[in-house]
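Below: the structure, in structure tokens.
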Amino acid sequence: MIQGNSLSTKIGKFIIYFIVISLGLICLLPLWNIVAISFSSGSAVAANIVGLTPINFSTKAYEMIMEDAQFWRSFFISVQRVVLALALNLILIVLMAYPLSKTKREFKSRNIYMNIIIFAMLFSGGLIPTYIVIKNLNLLDTIWVLVLPGAVPIFSVILIMNFFVGVPKSLEEAAIIDGASPLQILFKVYIPVSLPALATVALFSIVGNWNDFMTGLIYMSQISNYPIMTYIQSLTIDIAELVKSGTSSEALQNIAEVQNRNLNAAKIVVSTIPLLLIYPFLQKYFVTGIVVGSVKE
Amino acid sequence: MKTDSIKRIKLLLVLLLLTSALAACVQKSSNGGETTTEDGKIIVNIGRSVGSNPKLPEGDTFEDNAYTRAAEEELDIEIRNAFEADGEDYSRQVALAISSGDLPDMMIVDREELKDLVDNDLIEDLSDVFEENASDYIKETYASYDNRPLEDATFEDNLMALPGTESLAAPQMVWIREDWLEELDLTIDEEGDRLITLDELEEVAEAFMENDPGDSGNPVGIPFDSYLNGADYGGVFTMNSIAAVFDGQPKKYLIEEDGSVTYGSTSEGTKQGLEVMNEWFDKGIIDPQFGTRSFDDIMSLLTNGQTGIATGPWHIPDWGFSTVREMDNDARFAAYVLADDDGNVNVFEQNTTGRFMVVREGYEHPEKAVQMLNLFYDVMLNKEEADMENKFPEVAEYLEQGVDDSTKPFNIVLLPNQKYLDDYQDIQAVLNEEMTVGEITDSQVRQNINGIIEYMETPEDALTNGWSNYHSRIVGWSLMNKLTEEARFNWVETAYVNNTPTMEQKGANLIKLEEEDFIKIVTGVEPIDYFDTFVDKWKNQGGKEMLDEIEEELAEQE
């Protein structure tokens with residue numbers, strides 16, 4: 001690429017930078033506001049005067065979280081869940097997508113399997129039948145209920161399958177000539193060139209599992225088994241709704257203690273940190289493993 | 001090459017092993033089929049409706065805490081939680097339990113769920129066990145409501161559930177910043193009877209807006225929430241009290257003298273109330289952003305001193321005003337009530353029935369439910385401090401630490417009708433040194449009173465907690481007490497029935513219609529005569545059928 005030095009390119013660059021930076025700020029400022037709120041005093045937050053800097057700096061909200069044993073119990077349940085789900089998801093996605101990426105000539109019943117998968121993706125059993133199945137499998141209140149029902153994310157399978165289909169045939173043929181077995185082809189050829197796609201589905205899996213609160217809400221009967229987002233959700237009650245529905249004074253008082261925007265902001269910050277930490281690690285896979293240049297037509 | 005793939009398979013296995021090892025950390029609740037434990041205790045599986053802020057001490061859980069241990073000890077039972085959940089999540093768990101056909105032995109349900117359970121014969125008739133086991137005090141408690149809660153739980157002469165109660169909470173008050181009144185040298189209640197008129201309230205709002213005693217630079221008169229009317233006395237930033245001046249009782253079903261049922265929101269009194277609101281809105285006394293300001297935003301108006309007027313129940317200082325005092329240490333509120341021209345306060349009869357405790361059909365020990373009721377709402381409630389420490393030391397400690405009531409395995413509220421007034425008399429007796437703190441039987445009041453005394457002695461240094469309790473329990477309750485003693489209340493008879501078919505179908509839309517049309521009238525988008533159009537729309541869109549259905553149901557109950 002040729003870099004121009006004329007005035008017009010400079011202005012153009014300036015405008016582009018300006019747009020990109022302001023878009024970045026638009027994304028960043030609300031998050032920063034949450035961080036500022038979490039470090040402000042409760043009354044300043046209630047008075048709506050916190051902007052981008054904390055007012056009456058206070059770490060009380062974080063202290064309250066630190067003391068909350070259930071918060072940490074739930075936090076670790078979520079960590080376990082993400083680790084388990086990520087491992088299971090990746091294994092099952094790859095093992096499923098690889099055969100399905102073959103043509104009908106190579107894998108005769110491919111279309112039957114494909115139809116079953118797509119059917120299952122479009123139609124589900126509904127809440128209560130699913131609940132009864134899970135209950136009869138004795139999965140209620142175990143960590144597996146958070147992991148197993150979503151162990152094969154169909155959408156990701158199709159994504160990876162399509163990625164595999166796009167891998168040049170010549171790569172596989174070369175491996176076959178070298179005497180590689182199908183498993184070796186999968187692990188030595190397909191997976192290394194598919195890292196960007198795998199990183200994407202891994203990210204889906206991590207974010208999806210970390211942020212999901214519904215599963216925990218339905219299948220966990222004890223609060224001590226709640227994953228973090230379910231726990232945070234259970235603490236996040238709209239006090240205005242409670243006031244409307246006529247809740248007792250003691251209950252309101254109790255809720256007002258844990259239910260203020262200050263504390264909620266701190267919970268959001270703490271529960272977002274793990275995801276923020278994971279992004280940089282996955283990011284490097286987004287640029288490597290590109291197929292470009294591996295085959296010369 | 002080959003070793004590599006073996007390595008990978010090994011890695012897979014290791015990962016799987018690791019994951020199962022990790023998974024073993026989450027405990028599993030036990031709910032086998034047995035009904036007694038090895039040492040002969042009766043097992044009670046309870047569906048627990050819990051609070052989100054239990055404040056349990058380290059190591060205690062909803063399943064195993066001072067209350068459950070006390071009940072297990074006293075009643076020779078073992079409490080197990082079939083499920084624990086909060087608010088809406090609890091309703092979902094109840095629905096799942098009903099639809100999967102696996103009911104816990106006992107659980108708390110609301111009116112709708114109770115009716116469903118009765119219709120499907122899923123719960124036990126408690127008439128006999130209640131009669132035999134309930135203590136006299138419990139029966140008296142229900143009697144203080146003319147047994148209305150029990151009637152609500154009775155189907156075809158059978159008591160199908162143990163009902164909770166809602167103590168008297170009337171009226172809706174008007175809270176005004178007292179320190180601002182003094183600063184501006186305003187006297188609004190010259191007679192000192194704590195009754196104010198609409199004109200007086202208007203005067204205060206105008207003065208607050210003109211002088212901006214909160215130094216906010218942007219004062220707002222009276223804030224209202226967009227839902228405008230609450231269905232009970234708990235509503236905050238509502239116009240219920242303004243409509244009540246004209247004997248309008250919005251969002252209530254009223255029983256007329258001839259026995260017919262009307263809807264309060266369509267009454268002449270509500271129209272007059274809206275007219276006043278519209279006038280105030282034109283004058284700028286009502287928050288010009290009314291309708292778009294959220295509850296949190298209104299709270300912030302109070303906190304940063306933009307407004308000093310709020311309508312609502314006696315208990316707002318407990319959970320709402322505390323941030324006001326944190327921002328401004330000198331902040332004080334006075335409570336008034338809006339009265340009609342004759343000095344009467346028009347109030348509607350509130351729903352006296354809370355939630356219901358039901359026992360699964362076929363459970364062998366329904367009497368344990370009643371015995372638990374006795375334990376928590378008679379024995380533990382009526383103990384002086386010393387007795388409590390003696391008999392239930394762990395529970396006494398809980399009360400001191402303010403552990404949430406939802407840790408009780410049996411969390412329906414069952415308190416006498418005049419509970420708050422009785423508590424107020426107790427507090428007065430202590431302040432007048434006719435009684436010691438230890439003699440107060442209600443533990444909550446015992447906890448509150450020290451903070452109140454501290455606030456009364458040194459208002460500047462007292463903790464916000466004491467400030468809050470002083471305002472709700474002295475300022476708020478004294479107003480309720482005074483109005484009751486002087487018989488100022490003019491009670492309006494109301495109907496409380498289960499959701500009728502039309503209500504289920506069209507109720508939500510009608511409420512939406514009402515709230516939107518009322519906002520239009522207040523803000524002047526539509527003239528006040530539009531109210532009549534609203535009434536027609538309301539009747540035609542299902543309101544008429546709803547009223548008929550309520551009349552029918554009331555006739556059935558007779």
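The values are calculated or read from the model by the stated rules, or taken from the named source; none is laboratory data. Computed from a predicted structure; not experimentally measured. For neighbour counting, all protein chains shown are included, and Cβ atoms are generated from backbone atoms with ideal geometry for every residue, glycine included. For the accessible areas, the whole protein counts, side chains as well, though only heavy atoms, and no ligand, DNA or RNA atoms are used. Shrake-Rupley method; radii C 1.70, N 1.55, O 1.52, S 1.80 Å.
Under a point spin-label approximation (7 Å from Cα along Cα-to-Cβ), what is the A:A151-A:Y17 distance to one decimal in nm?
Output for this residue pair reads 5.3 nm.
With label points built 7 Å along Cα→Cβ from the Cα atoms of B:D529 and B:M435, find their separation and express it in nm.
Rounded to a tenth, the inter-label distance reads 5.8 nm.
Hey, got the dipole for segment B:163-287? About the Cα centre, +1 on K and R Cβ, -1 on D and E Cβ, debye to the nearest 20?
800
Accessible area of segment A:7-58 with a 1.4 Å probe: how many percent of it is carbon plus sulfur?
The nonpolar share, carbon plus sulfur, comes to 82 percent.
Taking a probe of 1.4 Å, how large is the accessible area per residue of segment B:419-485, in Å²?
With the other protein chains kept in place, segment B:419-485 gives 42 Å² per residue.
As a check on your grasp of the helix formula, calculate [θ] at 222 nm for the protein assembly as shown: sum -39500 (n - 2.57) over DSSP H runs of n ≥ 4, divide by the residue count, round to the nearest 500.
Numbers: 39 runs with 449 residues, N = 855.
It comes out at -16000 deg cm²/dmol, rounded to the nearest 500.
Any chance you could give the angle, 0 to 90 degrees and rounded to 10, that helix A:69-100 forms with the longest Cα principal axis of chain A?
20
Ignoring any ligand, DNA or RNA, what whole percent of the accessible area of segment A:68-287 comes from carbon and sulfur when the probe is 1.4 angstrom?
That fraction is 70 percent.
Note the angle between two axes, namely the Cα long axis of helix A:249-258 and the longest principal axis of the Cα atoms of chain A, as a number of degrees from 0 to 90, rounded to the nearest 10.
50
Tell me the relative contact order for chain A as a rounded percent, counting alpha carbon contacts under 8 Å between residues six or more apart.
On the way: 268 pairs, mean separation 80.8, N = 297.
27 percent.
Would you please give the residues with an amide H less than 5 Å from that of B:T353, counting only those at least 5 places away or on a separate chain, with H modeled from the backbone geometry?
It is B:E166, by chain and number.
Taking 8 Å as the Cα distance limit and 6 or more residues as the minimum spacing, I'd like the relative contact order of segment A:38-192 as a percentage. Could the numbers behind the result be given before it?
On the way: 90 pairs, mean separation 34.7, N = 155.
22 percent.
Kindly provide the GluC sites (Glu not before Pro) of segment B:154-215 that DSSP labels as loop, not H, G, I, E or B, and whose Cβ sees at most 11 other Cβ atoms within 10 Å.
B:E156, B:E190, B:E191
Amide H neighbours of B:R80 under 5 Å, at least 5 residues apart or on other chains, H built in the peptide plane: list them.
B:V44, B:N45, B:I46
Buried by at least 30 Å² relative to the chain on its own: which residues of segment A:44-71 qualify, computing accessible area with a 1.4 Å probe on protein heavy atoms?
A:A46, A:A47, A:N48
Put simply, what bits of segment B:98-130 lose 10 Å² or more of accessible area when the other protein chains are there, versus the chain on its own (1.4 Å probe)?
B:S99, B:S100, B:D102
Using a 1.4 angstrom probe with every protein chain in place, what is the largest-first accessible-area order of A:K13, B:K251, B:K539?
If we order A:K13, B:K251, B:K539 from most to least accessible, we get A:K13, B:K539, B:K251.
Quick one: accessible area per residue over segment A:7-58, 1.4 Å probe, rounded to a whole number of Å²?
Details: 3500 Å² over 52 residues.
Solvent-accessible surface per residue comes out at 67 Å².
What percent of all Cα-Cα pairs in segment B:473-558 falls into each 10 Å bin, going from 0 up to the bin containing the maximum distance?
Taking every Cα pair in segment B:473-558, the percentages come to 14, 28, 24, 28, 5.
Show me, for segment B:532-548, the HN-Hα J-couplings you get by feeding each phi into the Karplus relation (A = 6.51, B = -1.76, C = 1.60, θ = phi - 60°), rounded to Hz, glycine and proline as x.
So the Karplus estimates, Gly and Pro as x, are 5, 4, 4, 4, 4, 4, 4, 5, 6, 8, x, x, 4, 4, 4, 4, 4 Hz.
Per-residue HN-Hα couplings for segment B:241-246, Karplus 6.51 cos²θ - 1.76 cosθ + 1.60 at θ = phi - 60°, whole Hz, x for Gly and Pro?
5, 6, 5, 5, 4, 9
Can you list the residues in segment A:116-132 whose accessible area drops by at least 40 Å² when all protein chains are present, compared with the chain alone? Use a 1.4 Å probe, heavy atoms only.
Buried by the other chains: A:I128, A:Y131.
Pop out the ³J(HN,Hα) list for segment A:125-131 in order, Karplus 6.51 cos²θ - 1.76 cosθ + 1.60 with θ = phi - 60°, rounded to Hz; leave Gly and Pro as x.
For segment A:125-131, the Karplus-derived couplings read x, x, 4, 6, x, 4, 4 Hz, x marking Gly and Pro.
Determine, from the Cβ-Cβ distance of B:Q418 and B:E191 and an R0 of 35 Å, the FRET efficiency 1/(1 + (r/R0)^6), rounded to the nearest 0.05. Spell out each step's value before the answer.
Values: r = 26 Å, r/R0 = 0.74.
Using R0 = 35 Å, I get an efficiency of 0.85.
Structure shown: which of B:K271/B:K482; B:K115/B:K539; B:K139/B:K482; B:K251/B:K271; B:K55/B:K419 lie over 22 Å apart, alpha-carbon to alpha-carbon?
Numbers: B:K271/B:K482 29 Å; B:K115/B:K539 27 Å; B:K139/B:K482 28 Å; B:K251/B:K271 13 Å; B:K55/B:K419 25 Å.
The answer is B:K271/B:K482; B:K115/B:K539; B:K139/B:K482; B:K55/B:K419.
Out of residues 5 or more away from B:K252 or on other chains, whose amide H comes under 5 Å of its own, with H placed 1.01 Å from N in the peptide plane?
Excluding prolines and chain starts, which carry no amide H, the hits are B:G264, B:S265.
Which value, in Å², gives the accessible area per residue of segment A:68-287 when a 1.4 Å probe is used on the protein heavy atoms?
46
Quick one: dipole size for chain B, taken about the Cα centre, charges +1 on Lys/Arg Cβ and -1 on Asp/Glu Cβ, in debye to the nearest 20.
In debye, rounded to 20, chain B gives about 2960.
Could you tell me whether the protein assembly as shown comes out rounded, prolate or oblate from its Cα gyration tensor? Rule is a ≥ b ≥ c as square roots of the eigenvalues, rounded for a/c under 1.5, then prolate if a/b exceeds b/c, otherwise oblate. Spell out each step's value before the answer.
On the way: a/c = 1.94, a/b = 1.48, b/c = 1.31.
Prolate shape, in that a/c is at least 1.5 and a/b is the bigger ratio.
First compute the accessible area of chain B with a 1.4 Å probe, then give the percent of it belonging to carbon and sulfur atoms. It would help to have the intermediate numbers written out before the result.
Details: 10380 of 23760 Å².
In chain B, the share of accessible area belonging to carbon and sulfur is 44 percent.
Grab every C-alpha pair in segment A:1-134, bin the distances at 5 angstrom width from 0 up to the longest one, and report whole percents.
2, 7, 7, 7, 8, 9, 8, 9, 11, 12, 9, 5, 3, 1, 0
Summing both sides, how much accessible area is buried between B and A? Use a 1.4 Å probe and give Å² to the nearest 100.
By this definition, chains B and A bury close to 5000 Å².
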